[in-house]
1. Using DSSP to define loop residues, name the GluC sites (Glu not before Pro) in the range 30-125 whose beta-carbon has at most 12 other beta-carbon atoms within 10 Å.
2. Along its three principal axes, how long is the range 108-240 when you only count alpha carbons? Whole Å, largest extent first please.
3. With an 8 Å cut-off on Cα pairs and a minimum separation of 6 or more residues, tell me the relative contact order of the chain in percent.
4. Counting only helical runs of four or more DSSP H residues, what would the 222 nm mean residue ellipticity of the chain come to if each run contributes -39,500 (n - 2.57) and the total is spread over all its residues?
5. Using 7 Å Cα-to-Cβ label points, what is the Glu179/His123 separation (nm, one decimal)?
6. Report the extension gain between Asp108 and Ser207 in nm, rounded to one decimal, defined as 0.36 nm multiplied by the number of residues separating them, less their alpha carbon distance.
7. Let me know the charge dipole size of the chain about its Cα centre in debye, to the nearest 20, where only the beta-carbon of Lys, Arg (+1) and Asp, Glu (-1) is charged.
8. Could you compute the FRET efficiency for Ile168 and His188, with r as their C-beta to C-beta distance and R0 at 25 Å, rounded to 0.05?
Amino acid sequence: MSKLTLDRILQTQGFGTRKWCRELIADGDVSINGETVTDYRSAFETDGLEFSVFDEAHRYREHLYIVLNKPADYECSRKPSHHPGVLSLLPEQFALRDVQPVGRLDHDTTGMLLMSDDGAFIHAQSSPRRHIPKIYVATTHDPVTPELVAHLLGGVKLHDEPAPLAAISCEMLGTHQLEIVLEQGKYHQVKRMLAAAGNHCSALCRSQIGGLKLDALGLAEGEWCYLNDEQLSLLTAAHP
Ligand code: URA
């Protein structure tokens with residue numbers, strides 16, 4: 001349990017500088033439990049605190065853990081160059097809180113993108129030592145064959161990798177579709193593995209991380225949601 005003054009609360013939640021937050025409060029734009037609070041020195045217990053800014057309701061969150069259903073033509077980079085950045089799909093306060101993607105998806109890859117402002121979480125979740133499976137659905141240019149599946153499971157050599165990289169599992173979903181499970185997150189890994197195995201990836205979607213499935217979150221492309229504790233713990237669970 002910790003108490004913070006209202007200006008500090010707003011600042012930690014990404015509403016701007018301390019000075020700007022004090023102005024918002026003094027202008028009567030902030031309320032707690034339906035009551036406008038105009039003294040920035042008023043202190044509140046942050047645990048479970050609900051507050052409104054410009055009549056929009058918010059809950060205090062020490063850290064943000066969210067999933068975005070990433071559409072194509074958005075970049076994960078902090079300084080996007082050719083397409084808008086994924087942060088543009090999120091509330092403005094999130095960027096001020098330094099929310100970042102956990103790993104990257106290519107601009108044309110769609111699906112599950114985990115994002116957070118918790119450095120320790122981002123680090124742990126991205127660590128190769130954790131062996132967290134990531135599940136992709138790849139659409140291929142040429143038909144998928146049992147030989148292609150065997151090749152991906154047996155390991156393919158990529159030119160800048162010292163050892164062959166293998167899928168943890170790989171299943172044919174249709175004539176031109178594969179579900180492929182990887183534990184690493186190398187640059188363009190799925191596309192490069194498919195190319196090295198003699199096919200070409202024409203569309204790619206990440207459908208699951210650990211035991212958390214994108215479908216279970218009910219997000220349309222471009223939508224995002226907060227993750228609860230149960231969903232967070234699924235992230236590190238094995239692929240069922
Ligand atoms: N593999 C790729 O090739 N691209 C991605 O975006 C993710 C995994």
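Bear in mind that the values in this text are calculations on the coordinates, not laboratory data. Just so it is clear, the structure is predicted and the values come from calculations on it, not from any experiment. With ideal geometry, Cβ positions are generated from the backbone for all residues, glycine too; neighbour counts draw on all protein chains shown.
1. Sparse-neighbourhood loop GluC sites (Glu not before Pro): Glu62.
2. 41, 33, 26
3. Relative CO of the chain lands at 19 percent.
4. -5500 deg cm²/dmol
5. Reported label-point gap for Glu179 and His123 is 3.4 nm.
6. Length gained between Asp108 and Ser207: 34.2 nm.
7. In total the dipole reaches around 840 debye.
8. About 0.90, to the nearest 0.05.
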